[in-house]
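Read the structure below first, then the notes.
The values are calculated or read from the model by the stated rules, or taken from the named source; none is laboratory data. As the structure is a computational prediction, the values presented were derived from the model and not from experiment. Cβ atoms come from the backbone with ideal geometry, glycine included; neighbour counts cover every protein chain shown.
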Amino acid sequence: MDDLTYELRQMCHRNRDGGRKTQAQRMQSLTLIARQLKEGGFRNMRATSLKEKHVDALVDRWKAENLSAGTVKNRMSHLRFWAQKVGKAGAIPAGNAALGIPQRQSSGVNKAKSLDSEQLDRVNDAHVRMSLRLQQAFGLRREESIKFQPAYADRGDRIALKGSWCKGGRPRSIPITTAEQRAALNDAHALAGSGALIPAREKYIQQQNRYDDRCQSAELCNMHGLRHAYAQARYEILTGWKSPFAGGPAKHELTPEQRAIDTAARQPRTGP
């Protein structure tokens, strides 16, 4: 292992920003980046050696490899982590556009999904069924719905999600505004008690595998679509009109006043 790879891996071990999945992806990405820099002729580098020329060389390579915009953006976030930790944030432009990296492109397909009681009844596991109900009611990600602890999360008028449950390790809160949400929470309390939606004496990865297996057995796929459906319904509540994917007006069709409302509705709600 060369010096750069070793130092970047040690940096990741010392700075455990974000959730475990994010940390693992960052470690893998920075290890790849160190190898690609060496292949590009930058030898004997240390973590503190990072300069604009290294960033430019990496971006040029990734463009030549025709990587997706999403993949390049993820690698750029890992590069910025590296730069920030060694005091070299200025080596990377604040925006990806300055490096010629395009925006992610939407497929134009509405990915929203919903589940009825008959579909839920086909899921042969009470904890998985509960996770799916929470995904539908609150737009939770799969990991959030499995690690969900109702005794901690339920704050009466909202649920609070721990950073360790969330993507990127960023805690957030979601308002409780419907009877469906309250009913789902009450049932989650009854099932989980003071714990999470993971059976006693089992680990998260075991329940994640069970979740995937039970969904497959029930012929349910792409359950992240429940999050899309929640987001579209929430957008309509906040703005007064449907989202573009649900048949509402496109952004260029909005008035200046409507654009201000649209921007406010799209802002994430963070905090405990």
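Among the criteria (1) in contact (Cβ under 8 Å) with a residue 24 or more places away in the chain; (2) more than 23 Å from G163 (Cβ to Cβ); (3) surrounded by 13 or more Cβ atoms within 10 Å (Cβ to Cβ); (4) under 23 Å from the mean Cα position of the chain (by Cα), the one L67 does not fulfil is (1).
Conditions tested, residue by residue: (1) assigned by TED's automatic domain parsing to the domain that holds E144; (2) in a helix (DSSP H, G or I); (3) exposed (fewer than 15 other Cβ atoms within 10 Å of the Cβ).
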site: T22; (1), (2), (3): no, yes, no
site: Q25; (1), (2), (3): no, yes, no
site: T31; (1), (2), (3): no, yes, no
site: G41; (1), (2), (3): no, no, yes
site: V59; (1), (2), (3): no, yes, no
site: V72; (1), (2), (3): no, yes, no
site: M76; (1), (2), (3): no, yes, no
site: G90; (1), (2), (3): no, yes, yes
site: A94; (1), (2), (3): no, no, yes
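When Y235, Y230, Y211 are screened for being without any contact (Cβ under 8 Å) to a residue 40 or more places away in the chain, among the hydroxyl-bearing types (S, T, Y) and part of a helix (DSSP H, G or I), only Y235 passes. Filtering A183, A160, A200 for residues that are surrounded by fewer than 18 Cβ atoms within 10 Å (Cβ to Cβ) and in a helix (DSSP H, G or I) leaves a single hit, A183. Residue-level check: of (1) without any contact (Cβ under 8 Å) to a residue 24 or more places away in the chain; (2) touching a helix residue (DSSP H, G or I) at 6+ places or on another chain (Cβ under 6 Å); (3) closer than 20 Å to A24 by Cα, W62 misses just (3).
Does segment 238-249 contain any residue that is aromatic (F, W, Y), over 22 Å from the mean Cα position of the chain (by Cα) and farther than 18 Å from E143 by Cα? Scanning segment 238-249 turns up at least one residue that is aromatic (F, W, Y), over 22 Å from the mean Cα position of the chain (by Cα) and farther than 18 Å from E143 by Cα. Considering segment 238-267, and only residues there that are assigned to a helix (DSSP H, G or I) and of a type in the set (S, T, N, Q), the residue that is surrounded by the most Cβ atoms within 10 Å (Cβ to Cβ) turns out to be T239. Scanning segment 43-57 for residues that are in contact (Cβ under 8 Å) with a residue 40 or more places away in the chain and assigned to a loop (DSSP other than H, G, I, E, B), which turns out nearest to R14 (Cα to Cα)? Applying the filter and picking the extreme gives R46. As a summary of the residue check, I205 satisfies the conditions (1) farther than 21 Å from I174 by Cβ; (2) not in a helix (DSSP H, G or I) except for the one numbered (2). Within segment 214-223, being exposed (fewer than 15 other Cβ atoms within 10 Å of the Cβ) and in contact (Cβ under 8 Å) with a residue 60 or more places away in the chain holds for S217, E219, N222.
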